[in-house]
Amino acid sequence: MRRFLYPLLLAVPFVAGIAVLKGLTVEIDTFHGSDARIYHLPTIEHFADRLEFESYPAAQTPLYHLLFAGWGELVGFEAWRLRLLNVLISYAAVLVLFGLLRRRGLEAVQSFALSLLFALSPYYFGASFTLLTDNLALLFGLLSLDRLDRFGERARIGDLALGVLAMAAAVLTRQSYLWLALVAVFQLVRAPISMPVRTAGAAATALALAPMAALVVAWGGLVPPGADPASCGLCTDKPGVGRDSITLRTIGFTVALFGLYAAAVFGPALARRARALAAGARAGGGSARELALPILAAIALLAISPLAYKPVEPGRAGDAGYLWKIADRFPELLGSHLIFWVLVPLGAVALFLLARRAGIASLPVVYFAGFLAAALPVGLVYQKYFDPFALLAVALLVTSPDLRERSDYAGIAIGAVAFVAYAVSFAG
């Protein structure tokens with residue numbers, strides 16, 4: 001029974017959400033929740049009526065809508081029935097994260113604390129109770145990362161096959177998950193396997209991406225021609241056409257989120273590390289001087305692509321998310337809100353220290369580098385596009401000694417309470 005305790009406790013927030021929303025008969029006014037009514041429900045109905053892939057309302061690849069169309073055919077298309085499947089998917093993804101953290105060496109209570117924080121995070125928890133594609137893609141993404149990480153440990157082709165199969169499902173749910181292919185290729189290159197096995201693995205990876213390639217050919221780009229550019233981070237102002245430009249704003253904003261969550265999760269451990277670096281500097285060591293590199297990189301990032309809040313206005317895409325709203329309360333310095341002059345250097349330093357500790361070829365580092373690379377062409381700096389991935393990177397970089405003392409959980413507890421308060425504000 002003890003082994004099921006934490007998985008059962010992780011179900012509590014989802015059960016509470018169902019109860020608050022009166023059995024999911026009430027639509028939560030969450031972030032971009034109107035997308036469910038405007039884009040996703042019509043696309044589900046589209047596929048329930050006909051399997052036509054060349055044009056449909058949503059901007060995402062169609063697996064989510066196909067799955068929900070099939071579910072609707074089985075149980076009915078009442079909104080609460082469709083939302084229930086989304087809750088089950090979200091809970092399953094949290095269980096996969098819990099298992100991944102346990103397998104990577106964290107104790108049960110440590111894995112539970114981090115998984116609960118992830119489950120309660122606004123851009124994950126809110127999306128659990130409406131019809132958005134985010135959490136199904138995250139489920140497949142976590143399954144893929146888990147198997148690819150396992151393949152890196154023991155070089156079994158079966159793990160790679162399962163990893164790229166889950167990758168294919170993630171990409172067919174949201175095309176932005178193509179960064180998983182970078183993780184798969186990296187793991188394949190570094191694995192101690194024979195050339196024939198490596199070749200077979202490369203072929204399996206390519207085959208897994210074949211359905212996505214077929215859609216790209218049919219659409220003439222990464223998004224369906226019927227997609228609304230206003231809802232698509234990969235679109236230009238011409239429907240169905242992918243962006244051909246990149247922006248560093250997405251990188252700076254994601255690093256700021258990483259800094260915020262690293263401060264919450266690591267707290268005392270990072271403080272102890274900072275004191276050790278200071279002691280080394282006083283003793284004539286060079287460790288403290290190494291921090292100049294990530295700090296200078298952060299300053300350069302803000303100088304090239306300043307982070308100032310651009311609210312969404314009629315006819316103009318802008319920024320969205322709680323961090324943007326908080327930042328807007330601060331004055332600007334050299335084009336960026338003051339809070340970003342704190343969070344971006346903090347995130348860069350935390351990432352530098354944690355990546356060096358984990359190793360440049362470790363799963364968390366390869367995953368986050370791949371995600372940041374894939375974020376470059378995203379035109380909409382909506383926090384929901386980046387928030388869960390920054391928090392996931394922080395969780396994957398935690399080691400068991402980081403959460404030894406009760407005080408080490410203080411930041412996680414504060415974050416969880418803040419997330420619950422934020423969710424309650426929407427429910428009310």
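The values are calculated or read from the model by the stated rules, or taken from the named source; none is laboratory data. Keep in mind it's a predicted model, so treat the numbers as computed, not measured. Quick reminder, even Gly has a Cβ in these numbers, built from the backbone with ideal geometry, and neighbours come from all protein chains shown. Quick note on the areas: whole protein, heavy atoms, side chains included, nothing else; ligands and nucleic acids left out. Shrake-Rupley method; radii C 1.70, N 1.55, O 1.52, S 1.80 Å.
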Taking only pairs that are 8 or more places apart or on different chains, how many Lys pairs in the chain have Cα atoms under 23 angstrom apart?
-> 4
222 nm mean residue ellipticity, helices alone, for the chain (DSSP H n ≥ 4; -39,500 (n - 2.57); rounded to 500) | -20500 deg cm²/dmol
Counting only DSSP loop positions in the stretch 347-424, the trypsin sites (Lys or Arg not before Pro) whose Cβ has at most 14 other Cβ atoms within 10 Å are Arg404
For Phe77 and Ala16, extending 7 Å from Cα along the Cα-Cβ vector and measuring point to point gives, in nm, a value of 3.5
Degrees, to the nearest 10: 63-75 long Cα axis against longest axis of the chain = 50
What part of the accessible area of the chain, given as a whole %, is carbon or sulfur when the probe is 1.4 angstrom?
-> 67
Cα-centred dipole magnitude for the chain, charges only on beta-carbon of K, R (+1) and D, E (-1), debye, nearest 20 | 1560
If one compares the long axis through the Cα atoms of helix 179-190 with the longest principal axis of the Cα atoms of the chain, the angle in degrees, nearest 10, works out at 60
Positive-end extreme of charge dipole, the chain - chosen from Ala59, Ala79, Val171 (charges on Cβ) | Val171
Rounded to the nearest 20 Debye, what is the dipole magnitude of the stretch 1-159 about its Cα centre when Lys and Arg each give +1 and Asp and Glu each give -1 at the C-beta?
-> 820
Taking Cα atoms, how many degrees apart are the long axis of helix 363-375 and the longest axis of the chain, rounded to 10 and kept between 0 and 90?
-> 60
Accessible area per residue, 1.4 Å probe, Å², for the stretch 60-206: what's the number?
-> 33
Convex hull over the alpha-carbon atoms of the chain: what's its volume per residue in Å³?
-> 158
Choose one of Ala181, Ala137, Ala119: the residue whose Cα lies farthest towards the positive end of the charge dipole of the stretch 109-211 (beta-carbon charges +1 Lys, Arg; -1 Asp, Glu; about the Cα centre).
-> Ala181
